[in-house]
Amino acid sequence: MSGDKKRAGMNILDKIIQVIRDDSRALSEAVMDSTGNKIYEKQIEVAKVNLSSAKHAISDALAKESQCSRKVKLMKSQVDEHEQRIIKALSQNDEILAFDLATEMVELEQDLAAEAGILKSHELHLGHLTRQMENAERSLKELERQVAMVQTTADIQKATEVITKNFNQADSKMLSAKRSLERIRRKQQSLDEQYEVDDAMVNERKPVLTEKHQNEVSEQVTEDAADVLKRIIDKE
Amino acid sequence: MNTEDFAIKLSQHRTTEGFTFDCQRITGEVEVLQVEINGFDGFPVFITQTQFQIICIIYLWTEDEIRADRRTEMLEMMLDTSISIPLSSYARVGDRYVLFGALSVSSELDKVVEEVVMLNENAVDVVSAMEDFLK
């Protein structure tokens, strides 16, 4: 994180804390004008439009740069070709042709140097535009983050006002966590007591229930066995 | 998803633990949804949505409820324990101390449900741990 960003971050928090302590309503006013329009949102919209035109400018500059780069490449190959032709003419002892070609090459090299200069300036311009766009992008993000911080603080304060107003009309005790905890504990305690009572009752009944249950089970087995015997006899 | 959508979806939702939710919309300058968990004795959770976040809040106590002689101790304990509490943090809104969780505005319902349940469990722990600091 850069020093600038650190300072900017502290700055917005300092401002938020100052406004919270002085006058909480001012927070809303910091992001809304008298007609309820969001001031910073307008600024952000304008910044976004500017960024978009900057991106168009960059794409134009990129097109010019690549056009110029292609031209320079072509001229370089023409220079190389001329050089080969001069070497060939010299090897054939055709000094007149070699001289003519060399004269043409001077002109070609001059054109190449001029075009390379233009390409360099395109590259510099493009670099400058890109850095400007990146800076604008960073500033926009930072502005959006800061507005979100102020807006969130204001929204939560408003929400709290809405909630407390609503509970003052109904039951303000609902907003006290300690009272809620006491209520939860009372309920839990009465549930625990109920469980203890239920357990005690179950334990008291246990022997009776077991004996009764055993009798019922053995009666059922006897009946089932009689059914099985009857079924087999009937089959035969 | 706005608070109305959350209210409808939460009211119809049942978690794997069998929790269902009672939702009540509170209208005002800002839309707030009050959510209570059926089958769990806890605290009402208030959900509100800002530009980038969904914020779920449980109101803990006010400045008036704090024992003046133990206030600094309480604040230190809040700072010391804040990072240990899953998905929730402390804050103060006006004179009210709150426990809150913030989610991305694009969060799905299951994340909000997770937040509401965990915020409640956290709040029970927090209030139990700090009740000695309160009047």
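The values are calculated or read from the model by the stated rules, or taken from the named source; none is laboratory data. Just so we're clear, the structure is a prediction, and the values are computed from it rather than from any experiment. Cβ coordinates were reconstructed from backbone atoms using ideal geometry, including for glycine residues, and neighbour counts include every protein chain displayed.
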Fill in the blank from the handout: For segment B:1-44, the count of residues that are on the phi > 0 side of the Ramachandran plot and touching a Cys at 6+ places or on another chain (Cβ under 6 Å) equals 0
Fill in the blank from the handout: Picking from B:Thr50, B:Thr81, B:Thr72, the residue that is within 12 Å of another protein chain (Cβ to nearest Cβ), out of contact with any Pro (no Cβ under 8 Å at 6 or more places or on another chain) and hydroxyl-bearing (Ser, Thr, Tyr) would be B:Thr50
Handout entry: Subset of segment B:100-123 that is part of a strand (DSSP E or B) and over 10 Å from the mean Cα position of the chain (by Cα) - its residue that is surrounded by the most Cβ atoms within 10 Å (Cβ to Cβ)
Key = B:Leu103
Completion exercise
Restricting attention to segment B:24-44, the residues that are away from chain A (no Cβ under 11 Å) and crowded, with 18+ Cβ neighbours inside 10 Å number exactly 2
Practice task
Could you tell me whether segment B:63-70 includes any residue that is more than 21 Å from A:Thr164 (Cα to Cα) and surrounded by 14 or more Cβ atoms within 10 Å (Cβ to Cβ)?
Solution key: yes
Practice task
Would you please name the residue that is surrounded by the fewest Cβ atoms within 10 Å (Cβ to Cβ), looking only at residues in segment A:175-200 that are aliphatic (A, V, I, L, M) and facing another protein chain (nearest Cβ under 7 Å)?
Solution key: A:Ile184
Handout entry: Scan of segment B:70-99 for residues that are free of Cβ contacts under 8 Å to residues at least 12 places away in the same chain, assigned to a helix (DSSP H, G or I) and not acidic (Asp, Glu), ordered by number
Key = B:Thr72, B:Leu75, B:Leu79, B:Ser82
Handout entry: Flag if A:Glu107 is assigned to a helix (DSSP H, G or I), surrounded by fewer than 14 Cβ atoms within 10 Å (Cβ to Cβ) and of a type in the set (Asp, Glu)
Key = yes
Problem - Counted residues, segment A:52-75 - those being among the hydroxyl-bearing types (Ser, Thr, Tyr) and either surrounded by 14 or more Cβ atoms within 10 Å (Cβ to Cβ) or not assigned by TED's automatic domain parsing to the domain that holds A:Glu109 (or both) - result: 1
